[in-house]
Amino acid sequence: MKSFKNICFFAVAGLLLASCENEELAVDVPFSVDKVTTKVGETVTFTVGAGANLSSIYTGDAGKDYDKSRINLVEMKGFSEDYLRNNLVATRLPDLKEYFWHVPDSPTLPANMSLSKGNLTIYDGKLVAWDVSNSTNSNYLSFEVPNEPITWTIKPENAVLPAMLRYNNATLSGLGALNTVANNAVSLWMSFPDGFTKDSQQGTSMRYAVQFVIDGKASAPIYLTGTFRELLQATNINLQAAIAAWLTANPTANAKAGIDEIRITLNADNPATTDDDGDLLNYVGKVYIQEIRVGAGDNMIKAFDKGFSFSYIYPGTTRTFEYKYTKAGTYKATLVSTFVGRKQYSGDGYQTNRPEEISASEYPLERRIKSVQIVVE
């Protein structure tokens, strides 16, 4: 009898567990509008029923279009940030333009780069011999750095940074940029492996200079000193102050024309300083570059459109939302109903062997979409 009871218990428990794992989250949420034809400035009343954990209404006009929302573009369609930028699915801000090259994505020598001496090559392999895990095995742009200054010139396809248009964080916010922190930097992922061993503790110091050309007019060089290592690290060069100085020195130049060239001189010696000891902090050997960024794409595109959200609507009640369209046109008003399931645990509820890392933060989500067409005359 005891055995039979145990069998019954486990059978019932299994059925309960299966029902939890396969629980239906979504229900039909009523959605209606009091008129589908209206006039500019008239009030349209939307009514949303109960059933969802969260409800959002996208009215379909500028800034509130479901088709341009994060839920639709990223969650439903699975577009990446790079895809949204490069394929113009997201709305771009006027006049701004970034430059980006990730070498492994396109491992061929570009026509928009040159050296003052020597040759550029595409390297396929590891950065250091002691990389037994092959974690650095990839494609890189590479060239030889001699024991003297060498200038690497990049033509960044006429990139236009926020500072070139005198845009700051507040300007980008007003324009509706996805990222409102102005990025005016040149970012280089570089490795300088020669002279290092697996036991090396110190990096190599090197002086370098950066200069840019806009509308045919060159900026003053910026002289910097950096510490470099054998493995990839980001070198971020903020051009904001240099761009401001260039704008002051060239008031009639057309900054919207974009950056013609960026000149990066390694082993640069600042003529304004005297090296009494003759030490120019030189690096001699190969340099490997995996990624080049000028500006940031999320400064250049508008933020995802957003809807008007409602918290939980209690059973047996409804929520109304009044809205006035300001321009004539045909709009698709959309209700997004979000349903949140029970906590999902890994195995017996522990995701690691440490009890303080118990995680119950993952919840299954389901969304249901309803739309209605509204004509505004």
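Where a number appears in this text, it was derived from the coordinates with a stated rule and is not lab data. Here the structure is a predicted model, which is why all the values come from computation and not from measurement.
Can you give the Rg to Rh ratio of segment 99-300, both from alpha-carbon atoms, with Rh computed by the Kirkwood formula? Show your work: numbers first, answer last.
On the way: Rg = 17.8 Å, Rh = 18.1 Å.
Ratio value, two decimals: 0.98.
Return the lysines within reach of LYS97: Cα separation strictly under 16 angstrom, same-chain partners fewer than 8 residues apart disregarded; answer none if there are no such residues.
Cα-Cα hits under 16 Å: LYS155, LYS256, LYS302.
Evaluate 2.2 N^0.38 Å with N set to the residue count of segment 235-276, then give the Cα radius of gyration divided by it. Please report the intermediate quantities before stating the final value.
Working: Rg = 13.8 Å, N = 42, 2.2 N^0.38 = 9.1 Å.
Dividing the Cα Rg of segment 235-276 by 2.2 N^0.38 Å gives 1.52.
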